[in-house]
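Notes follow once the structure below has been shown.
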Amino acid sequence: MYKTYLSVLALLCCWSFSHAQAVEIGDIYYSDGTFASSMQTGKKAIGLVYWVSPGKDFGLIMSLEEPSSTLNAYNADVYCEEYYTDGTVAGDWWLPKRIEMLRMGNEKINGTANNKFTTLNNKLKTVTKSTGGKATALSATNYISRSAYAYSFNPSTGAITAGSTSINNQNNANKYRVRCITAF
């Protein structure tokens, strides 16, 4: 009887602490770790799912905002390392690697070309940030991504350009848009 009690208690604990998983691109990520396909009253939106693995057990979430000014690669990396929102702490978000950034743009899903730039921007227009105001749409200008060298990525065209300086170079004069990401 005692073993049965412990088994039921363990099952209930696991069930009560698990979060729903996002199943679709465009799901809104909330500060309580849950997801929904539309805005939920009383919840604070902090991100938007922009890529989901085929098994739907892993995905990438973009922040709903970005800095008001462009940053060089070094400052962009620092910005994302220090970025936090309701329900997260500094270190939960990061500057996307090249492949993580590529997934924000045009890609084929089930053999069909999908302009995710437009799809994601249409969804961002419907999301209110936890701090109030609408989420920041992706722009058609270049965003910085992180690898050994800085890469800039234009999500509206899918074009990616490799930089010639290390991302750790504080003196790089090139400036880019920045969008921090996290994963579930």
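Please indicate, with yes or no, whether at least one residue in region 4-22 is among the small types (Gly, Ala, Ser), part of a loop (DSSP other than H, G, I, E, B), at pLDDT 90 or above and more than 22 Å from Asn122 (Cβ to Cβ).
No - not one qualifying residue is present in region 4-22.
Restricting the first residue to region 80-95 and requiring it to be on the phi > 0 side of the Ramachandran plot, which pairs with a second residue that is hydroxyl-bearing (Ser, Thr, Tyr) meet a Cβ separation below 7 Å and a spacing of at least six or different chains?
From residues that are on the phi > 0 side of the Ramachandran plot, the pairs are Gly87/Ser31.
Answer with yes or no whether Met62 is touching a residue at least 60 places away in the same chain (Cβ under 8 Å) and under 22 Å from Phe153 (Cβ atoms).
When the stated conditions are applied, Met62 passes them.
Hey, Phe117 hits all of (1) farther than 20 Å from Gly26 by Cβ; (2) in contact with a Gly (Cβ under 9 Å, 6 or more places away or on another chain); (3) surrounded by 14 or more Cβ atoms within 10 Å (Cβ to Cβ); (4) at pLDDT 80 or above but one; which does it fall short on?
With respect to (1) farther than 20 Å from Gly26 by Cβ; (2) in contact with a Gly (Cβ under 9 Å, 6 or more places away or on another chain); (3) surrounded by 14 or more Cβ atoms within 10 Å (Cβ to Cβ); (4) at pLDDT 80 or above, Phe117 is out only on (1).
Does region 55-86 hold any residues that are surrounded by fewer than 17 Cβ atoms within 10 Å (Cβ to Cβ) and among the small types (Gly, Ala, Ser), and which are they?
Across region 55-86, the qualifying residues are Gly55, Ser68, Ser69.
Filtering region 120-133 down to residues that are touching a residue at least 24 places away in the same chain (Cβ under 8 Å) and in a helix (DSSP H, G or I), which residue is most open to solvent (accessible area, probe 1.4 Å)?
Checking each candidate, the answer is Lys123.
How many of the residues in region 28-51 are under 20 Å from Gly132 (Cβ atoms), of a type in the set (Gly, Ala, Ser), open to solvent by less than 40 Å² (accessible area, probe 1.4 Å) and touching a residue at least 24 places away in the same chain (Cβ under 8 Å)?
Qualifying residue count, region 28-51: 3.
The values are calculated or read from the model by the stated rules, or taken from the named source; none is laboratory data. Given the structure is predicted, the values throughout are model-derived calculations rather than measurements. Every residue, glycine as well, gets a Cβ built from its backbone with ideal geometry; the counts of neighbours run over all protein chains shown. Areas reflect the complete protein model, heavy atoms only, side chains present, ligands, DNA and RNA absent. Shrake-Rupley method; radii C 1.70, N 1.55, O 1.52, S 1.80 Å.
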